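*Asks:* Can you keep this structure in mind? I'll have questions shortly.
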Amino acid sequence: MKKLCMVGLGYIGLPTAAMFASRGFDVVGVDINPAVCEAINEGRAHFHEPDLQMLLSAAVSTHRLRAQPEPIEADAYIIAVPTPFREGNKPDMTYVEAATKSIAPHVRAGSLVILESTSPVGSTEAMAATLAAARPDLRFPTLKDNSATIDVHVAHCPERILPGQMLRELVANDRIIGGMTDACSKAAQELYANFVSGRCHFTDARTAEFVKLTENAFRDVNIAFANELSMICDRIGVDVWAAIQLANRHPRVNILQPGAGVGGHCIAVDPWFIVDAAPEESRLIRTAREVNDHKPMHVLNSIRRHADRFKTPVIACYGVTYKPDVDDLRESPALHIVEEIARWENVKILVCDPFIEALPKSLVANKNVRKVDAATALKESDIAVLLVSHGSFRQIEANQFLNKVVVDAAGLLSAPRRVEDAPRSVSRL
Ligand code: SAJ
């Protein structure tokens, strides 16, 4: 049985580790967070993702996956740790560096080391150099010599899976395989062939790093276009959702959806890695980031205008996660909006989100904020702020908001079928 060491058991590492275990690998997952290791060893996923719990339970109960704080000797290592940014929108590679150093004593001739974390161009090379410095007894690849004899294969194979559809995409998506040398690419492809049914595309490590950043920057720029349209439409009094829907009837137009802003740990972060590498040339990518980062403020201004018409408004906020149908609050623009409203005087806030069990930590201290179900939110609020289009919210009939003021940043009430279904006052953002 092949042994795999997965460093980082978060949103990418855990599903990937469980998938390898399901294909017969002996998987040791490594995480610096003891609570994460404990949950996994009890067979509990520490976040919600469709079918993950089932896959994990099977992997743990068959002893094919276990979690611990330290790496061990293995045939293959995958590093899937966070790559956030720090002040000045500069990439923070400390987790990748620490993970690399932690595996260095354990790699041996024949090992394969893969970096899956989304990383700035040059990171895989830097990872190989770190390993080489720690292990002078082994030969590591360099980008300069494709045919050199090496002991350890090193590659960048960026993850591309979409939260909410991770397990399906893990298997079905094409993969970019960026080996430091051709032999490294081949070794990495052989590993992923154990479960990937999509195609594996070979390239070099630097191109693979850039491709991944480009994918997320593409999405960010396109969401920024939609968000900019929404703010223009708000000013000129056009329903942006209807306008986009109609524009998309053109065979070569495919505009994405506006929203409360762009959240999560990927799209809102990765474009900065490109801007950091080539600031003068990345004007569009930087502007897109700025447009998307400004969108929550635009939504807040609209809520403020409506709230000012009430003495003590009760504001129901629908959705706090970073996107629909996930329980992930990381960099959530919706949560940021609710946190801001909670600072206002003389407002009461009802938070309604079927994906969270309790109020997020950042809101618990606020006495004017309560977590409620959808029925209570509807009954007790003056203003409905629609922030995330969770599936259950999409079932709510527009006429339920008839006597309310609505700020719709999620497109939930777009183009009501009958005019009489329209709320008393609605701002579509
Ligand atoms: N959003 C919009 N309008 C849209 C689509 C998304 O406002 O039309 C918002 C979402 O609400 C959310 C943010 O953008 O706040 C990001 O959501 P997302 O679904 O676009 O992407 P992520 O961050 O969940 O996952 C992305 C994916 N990348 C691409 O689609 C190019 C995923 O495939 C990557 O694996 C992931 O980043 C990652 O880990 O890099």
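The values are calculated or read from the model by the stated rules, or taken from the named source; none is laboratory data. No experiment lies behind these values; they were computed from the predicted model shown. Note that each Cβ is placed from the backbone with ideal geometry, even for glycine, and that neighbours are counted across all protein chains shown.
*Asks:* Return a yes/no flag: does region 259-276 have any residue that is away from the ligand (no atom under 16 Å from the Cβ) and more than 25 Å from residue 322 (Cβ to Cβ).
*Replies:* no
*Asks:* Could you go through region 151-164 and let me know if any residue there is touching a residue at least 60 places away in the same chain (Cβ under 8 Å), over 22 Å from residue 120 (Cα atoms) and not assigned by TED's automatic domain parsing to the domain that holds residue 325.
*Replies:* Yes; the residues of region 151-164 include at least one that is touching a residue at least 60 places away in the same chain (Cβ under 8 Å), over 22 Å from residue 120 (Cα atoms) and not assigned by TED's automatic domain parsing to the domain that holds residue 325.
*Asks:* Still on this structure, please answer the following. Output the number of residues of region 373-414 satisfying the condition of being surrounded by 14 or more Cβ atoms within 10 Å (Cβ to Cβ) and outside any helix (DSSP H, G or I).
*Replies:* 22
*Asks:* Residues of region 64-103 being surrounded by fewer than 14 Cβ atoms within 10 Å (Cβ to Cβ) and in a strand (DSSP E or B), which ones?
*Replies:* Hits for region 64-103 are 86, 90.
*Asks:* List the pairs whose first member sits in region 1-17 and is closer than 14 Å to residue 118 by Cα and not assigned by TED's automatic domain parsing to the domain that holds residue 266, whose second member is within 13 Å of the ligand (Cβ to nearest atom) and part of a strand (DSSP E or B), and whose Cβ atoms are under 9 Å apart, counting only residues at least 6 apart or on separate chains?
*Replies:* none
*Asks:* Kindly state which strands (runs of 3 or more DSSP E) lie completely within region 125-208 and contain at least 2 residues that are closer than 22 Å to residue 104 by Cα.
*Replies:* Correct list: 153-156, 175-179.
*Asks:* What number of residues within region 299-323 satisfy the criterion of being within 15 Å of the ligand (Cβ to nearest atom) and either surrounded by fewer than 20 Cβ atoms within 10 Å (Cβ to Cβ) or of a type in the set (A, V, I, L, M) (or both)?
*Replies:* Selection size over region 299-323: 2.
*Asks:* While we're looking at this one, here's another question. State whether one or more residues within region 346-361 are under 15 Å from residue 387 (Cβ atoms) and part of a helix (DSSP H, G or I).
*Replies:* Checking region 346-361: not a single residue is under 15 Å from residue 387 (Cβ atoms) and part of a helix (DSSP H, G or I).
*Asks:* With 181, 142, 203 as the choices, which residue is in contact (Cβ under 8 Å) with a residue 40 or more places away in the chain, of a type in the set (Ser, Thr, Tyr) and surrounded by 15 or more Cβ atoms within 10 Å (Cβ to Cβ)?
*Replies:* Result of the check over 181, 142, 203: 181.
*Asks:* Here are some conditions: (1) buried (at least 22 other Cβ atoms within 10 Å of the Cβ); (2) hydroxyl-bearing (Ser, Thr, Tyr); (3) at pLDDT below 95. Residue 147 meets all but one. Which one does it not meet?
*Replies:* Looking at each condition in turn, residue 147 falls short on (1).
*Asks:* So, residue 209, is that one among the acidic types (Asp, Glu) and either within 13 Å of the ligand (Cβ to nearest atom) or touching a residue at least 60 places away in the same chain (Cβ under 8 Å) (or both) or not?
*Replies:* Against the criterion (among the acidic types (Asp, Glu) and either within 13 Å of the ligand (Cβ to nearest atom) or touching a residue at least 60 places away in the same chain (Cβ under 8 Å) (or both)), residue 209 qualifies.
*Asks:* Do the conditions hold for residue 349, that is, is it more than 27 Å from residue 84 (Cα to Cα) and either in the same structural domain as residue 412 (by TED's automatic domain parsing) or surrounded by fewer than 18 Cβ atoms within 10 Å (Cβ to Cβ) (or both)?
*Replies:* yes
*Asks:* Residue 92 versus (1) under 16 Å from residue 19 (Cα atoms); (2) without any contact (Cβ under 8 Å) to a residue 12 or more places away in the chain: which is the lone unmet condition?
*Replies:* (1)
*Asks:* Are any residues in region 5-35 buried (at least 19 other Cβ atoms within 10 Å of the Cβ) and either of a type in the set (Asp, Glu) or more than 26 Å from residue 111 (Cα to Cα) (or both), and if so, which ones?
*Replies:* Once the filter is applied, which keeps residues that are buried (at least 19 other Cβ atoms within 10 Å of the Cβ) and either of a type in the set (Asp, Glu) or more than 26 Å from residue 111 (Cα to Cα) (or both), region 5-35 yields only 31.
*Asks:* Let me ask something additional. Considering only residues of region 106-124 that are in a loop (DSSP other than H, G, I, E, B) and within 17 Å of residue 31 (Cα to Cα), which is farthest from the chain's Cα centre (by Cα)?
*Replies:* Among those residues, the one meeting the criterion is 106.
*Asks:* With the requirement that a residue be away from the ligand (no atom under 16 Å from the Cβ) and either buried (at least 21 other Cβ atoms within 10 Å of the Cβ) or assigned to a helix (DSSP H, G or I) (or both), what does region 277-297 give you?
*Replies:* Within region 277-297, 277, 283, 284, 286, 287 qualify.
*Asks:* What pairs can you find where one residue is in region 261-272 and under 19 Å from residue 208 (Cα atoms) and of a type outside the set (Gly, Ala, Ser), the other is within 6 Å of the ligand (Cβ to nearest atom) and in a loop (DSSP other than H, G, I, E, B), and their Cβ atoms are less than 6 Å apart, with a gap of 6+ or different chains?
*Replies:* 270/118
*Asks:* Do we have residue 175 as at pLDDT 95 or above, charged (D, E, K, R) and within 16 Å of the ligand (Cβ to nearest atom) here?
*Replies:* yes
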